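The values are calculated or read from the model by the stated rules, or taken from the named source; none is laboratory data. Being a predicted model, the structure only gives us computed values, none of them experimental. Ideal geometry is used to build each Cβ from the backbone, glycine not excepted, and the neighbour counts take in all protein chains shown. The protein model used for the area step is the full one, side chains on, heavy atoms only, and it has no ligands, DNA or RNA in it. Shrake-Rupley method; radii C 1.70, N 1.55, O 1.52, S 1.80 Å.
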Amino acid sequence: MTLKEYLKNTREVLKAKSIDAASLEGEILVRQVMNFNRVQLYQSLERQFPPDKQELLQTILERRLQGEPAAYITGEKEFYGLVFYVNKHVLIPRPETEHLVDKVISLADSNHLPVIADIGTGSGAIAISLALHLTNDRIFASDISTGALKVAGLNCHRHGVTERIKLLYGDLLETLPEKADIIVANLPYVRTADISPDNFEPLPALDGGEDGLDLIRRLCYQVKEKLNPNSYLLIEIGLGQKDEVITILNSFFPPVHIEVILDLRGIDRVICASFT
Ligand code: GLN
């Protein structure tokens, strides 16, 4: 059978199991087995599928059908036009988090904001995307998971920003060595009851407690001591969390100016608080 036929079969199997984006994911899995980029795959469609790779394709297809995300199978995920290593120690970067990066870049471009801290950096996707788009900032990236910090370190190396990003091990802002001008955080915010038992991602990166806001609340509590004057706090949130987060911010920092940024599905996704 040709690669084209294998690709078609793989896509059909995924589609039959109602996997979203079955067509794209089928391609990703076949490329992974062949060790091909996109162009190489599409140039080789009429070639015979190598018999010695059949077992491997079957194995990774089974893993995907068991619910393991394709990004963990391939070990990579694209975010903000960059490819990041991922493994089971980190949350897989989501496209909606690109809004957070966009906003930080626009703030840093139009104001003098030299020190940025990415709290709960995971794979490092936010901090590294910022480092590659902003030239003169000092960037800290913290996480409480040593497994995640290893992945962030590999990604810093992959993108040539090891000198620009200082990785910190610690709980939220605890080990941040200086006050920041922008604090950005995509912390766990999923309500415990909403986490699927079949979830493959690290629970500490998703679980935000009963209302999903345990860590965001703690961050807001710590942040006052860690922000310079004329600074910003940007937090990613989930569906239905906007009002409560605004209430938390108002209780810690009256008066604060708040902007809410929606994602492409129209969900309130980023809270941007400015302190003057
Ligand atoms: N957006 C992710 C999800 O819904 C959660 C990310 C997070 O908790 N920071 O699965």
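How big is the Rg/Rh ratio for the chain, C-alpha atoms only, Rh by Kirkwood, two decimals?
1.02
Select from 81, 212, 26 the residue whose mean-square fluctuation is largest in a Gaussian network model of the chain (Cα-Cα springs shorter than 10 Å).
81
Can you give the charge dipole size of the chain about its Cα centre, rounded to the nearest 20 debye, using +1 on the beta carbon of Lys and Arg and -1 on the beta carbon of Asp and Glu?
620
About its Cα centre, what dipole magnitude does region 1-125 give when the only charges are +1 on Lys and Arg Cβ and -1 on Asp and Glu Cβ, stated in debye to the nearest 20?
Computed charge dipole of region 1-125: roughly 320 debye.
Run through region 158-230 and list the GluC sites (Glu not before Pro) located in a DSSP loop whose Cβ has at most 11 other Cβ atoms within 10 Å.
In loop regions of region 158-230 (DSSP not H, G, I, E or B), the sparsely surrounded GluC sites (Glu not before Pro) are 163, 178, 210.
Could you pull the Rg and Dmax for region 1-76, using just the Cα atoms, both in Å?
Both quantities, over Cα of region 1-76: 11.3, 30 Å.
Please identify, among 165, 258, 128, the residue showing maximal mean-square fluctuation in a Gaussian network model of the chain using a 10 angstrom Cα cutoff.
Between 165, 258, 128, it is 258 that shows the largest mean-square fluctuation.
On a 0 to 90° scale, report how tilted helix 242-252 is relative to the longest principal axis of the chain, with both axes built from alpha carbons and the result rounded to the nearest 10.
Value to nearest ten degrees: 30.
Quick one: Cα convex hull volume of region 120-276, Å³ per residue?
So the per-residue hull volume is 122 Å³.
Which distance in nm do the two modelled labels at residue 62 and residue 274 give, with both placed 7 Å along the Cα-to-Cβ direction?
According to this spin-label approximation, the distance is 5.6 nm.
Provide, as a two-decimal number, the C-alpha radius of gyration of region 91-197 over 2.2 N^0.38 Å, N being how many residues it has.
In units of the globular-protein estimate, region 91-197 measures up at 1.04.
Keeping the other protein chains in place, figure out the carbon and sulfur percent of the accessible area of region 229-276, with a 1.4 Å probe.
57
Per-residue ellipticity at 222 nm for the chain, helices alone: DSSP H runs ≥ 4 residues times -39500 (n - 2.57), over residue total, nearest 500 deg cm²/dmol?
Result for the chain, helices only: -11500 deg cm²/dmol.
Write down the Kirkwood hydrodynamic radius of region 95-135, to one decimal in angstroms, obtained as one divided by the mean of 1/r over all alpha carbon pairs.
Answer for region 95-135: a Kirkwood hydrodynamic radius of 10.5 Å.
For the chain, set up a Gaussian network in which alpha carbons nearer than 10 Å are linked by springs, and say which option among 125, 22, 70 fluctuates the most.
Comparing 125, 22, 70 in the GNM, the peak value goes to 22.
Note the angle between two axes, namely the Cα long axis of helix 146-158 and the longest principal axis of the Cα atoms of the chain, as a number of degrees from 0 to 90, rounded to the nearest 10.
Between helix and principal axis, roughly 80 degrees.
Strictly over 32 Å apart at the Cα level, which of 17/150; 15/103; 150/179; 53/103 would you flag in this model?
Among 17/150; 15/103; 150/179; 53/103, the Cα-Cα distance tops 32 Å for 17/150; 15/103; 53/103.
Between 0 and 90 degrees, rounded to the nearest ten: what's the tilt of helix 3-16 against the longest Cα principal axis of the chain?
The answer is roughly 60 degrees.
Only bridges with both residues in region 25-184 count here: give the DSSP antiparallel percent, nearest 5.
For region 25-184, the DSSP antiparallel bridge percentage is about 25.
Please report, in whole Å³, the volume per residue of the convex hull around the C-alpha atoms of region 218-262.
Given the Cα convex hull of region 218-262, per-residue volume reads 82 Å³.
Quick one: Debye curve from the C-alpha atoms of region 147-200, no solvent, what's log10 I(q)/I(0) at q = 0.12, 0.32 Å⁻¹?
For region 147-200 at q = 0.12, 0.32 Å⁻¹, log10 I(q)/I(0) is -0.44, -1.27.
Using only alpha carbon positions, build the gyration tensor of region 1-149, then give the equivalent ellipsoid semi-axes as the square roots of 5 times its eigenvalues, largest first, whole angstrom.
In descending order, the three semi-axes are 37, 16, 13 Å.
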